[in-house]
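Below: one structure, written as structure tokens.
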Amino acid sequence: MLFRSQFNEYQKRFPISQANNHVIRNAIEPIEFKPKSKDKIKLIYTSMPNRGLEVLLDAFEIMNRNDVELTIYSSTVIYGKNYRDDKAQLLFNRAKTMRNVNYKGYAMNNVIRKALQEHHILAYPSIFEETSCLAAIEAGAAGCKIVTTNYGALPETCSDWATYVNYTDDKKELAGNYAKVLNQTIDNYCNECYNLKKQDRKSTR
């Protein structure tokens, strides 16, 4: 059952009758699937900066690939104009200067949903103990492969549809491990696209 282990953890911590508890599932508006480009692989990050952006930027630098692009939709704007997070701003500034990284900042949900249709992989090395994850649900609905951690309820949210990296509090170690898994996922996707291209050429002869 989806979210069952999280429900069990809640039961352990709060001895309330099970009859008085109910799991409310997350849901999204449907997203139309559109065929992905068979050229350069596009990664996308669509969460808050404190939920894994630093790890992703470290991993992307470790990978050092020219055949992929990373688009980042992440901002603190939703917290209000008086909200200040110097660490987040440093991450945004870093992203703006990185090769093959497109930092977009804040965007309305309809913009992000459209972007997901045009990207191949949701790159989300989560360090946040999600109780569910709408970012992952939307990405999956848009046909993106998902590479994330097995932290919080992400395995329950994504089930077998995601590729998982074992979570660790050591961000340097996590970035290294994530880079390896993301590299492999990209390579597999590239091979899949290459095979599709060969099939396409055969079909036009």
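Values as computed for the structure displayed
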{"quantity": "Residues within the range 105-143 that are under 21 Å from ILE41 (Cβ atoms) and of a type in the set (Phe, Trp, Tyr), tallied", "calculated": "1"}
{"quantity": "Filtered residues of the range 95-112 (kept if of a type in the set (D, E, K, R) and surrounded by fewer than 16 Cβ atoms within 10 Å (Cβ to Cβ))", "calculated": "LYS96, ARG99"}
{"quantity": "Members of the range 154-179 that are within 12 Å of SER126 (Cα to Cα), free of Cβ contacts under 8 Å to residues at least 60 places away in the same chain and in contact with a helix residue (DSSP H, G or I) (Cβ under 9 Å, 6 or more places away or on another chain)", "calculated": "LEU154, PRO155, TYR164, VAL165, ASN166, TYR167, THR168"}
{"quantity": "ALA179, sole failed condition from (1) touching a strand residue (DSSP E or B) at 6+ places or on another chain (Cβ under 7 Å); (2) surrounded by 17 or more Cβ atoms within 10 Å (Cβ to Cβ); (3) in a helix (DSSP H, G or I); (4) not hydroxyl-bearing (Ser, Thr, Tyr)", "calculated": "(1)"}
{"quantity": "Counted residues, the range 52-86 - those being open to solvent by 20 Å² or more (accessible area, probe 1.4 Å) and under 26 Å from LYS180 (Cα atoms)", "calculated": "10"}
{"quantity": "Count of the range 158-175 residues which are open to solvent by 20 Å² or more (accessible area, probe 1.4 Å), part of a helix (DSSP H, G or I) and not basic (Lys, Arg)", "calculated": "4"}
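Table: residues versus (1) under 30 Å from LYS171 (Cβ atoms); (2) under 16 Å from the mean Cα position of the chain (by Cα); (3) free of Cβ contacts under 8 Å to residues at least 24 places away in the same chain; (4) assigned to a loop (DSSP other than H, G, I, E, B).
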{"site": "ILE16", "(1), (2), (3), (4)": "no, no, yes, yes"}
{"site": "ALA19", "(1), (2), (3), (4)": "no, no, yes, no"}
{"site": "VAL23", "(1), (2), (3), (4)": "no, no, yes, yes"}
{"site": "LYS34", "(1), (2), (3), (4)": "no, no, no, yes"}
{"site": "SER37", "(1), (2), (3), (4)": "no, no, no, yes"}
{"site": "LEU43", "(1), (2), (3), (4)": "yes, yes, no, no"}
{"site": "SER47", "(1), (2), (3), (4)": "yes, yes, no, yes"}
{"site": "GLU54", "(1), (2), (3), (4)": "yes, yes, no, no"}
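Yes/no matrix, rows are residues, columns are (1) touching a residue at least 24 places away in the same chain (Cβ under 8 Å); (2) touching a strand residue (DSSP E or B) at 6+ places or on another chain (Cβ under 7 Å):
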site	(1), (2)
MET63	yes, no
TYR79	no, no
THR97	no, no
LYS104	yes, yes
PHE128	yes, no
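The values are calculated or read from the model by the stated rules, or taken from the named source; none is laboratory data. Note that this is a predicted model, so its numbers are computed, not measured. Cβ sites come from the backbone with ideal geometry, for glycine too, and all protein chains shown count toward neighbours. With ligands, DNA and RNA removed, areas are computed over all heavy atoms of the protein, side chains included. Shrake-Rupley method; radii C 1.70, N 1.55, O 1.52, S 1.80 Å.
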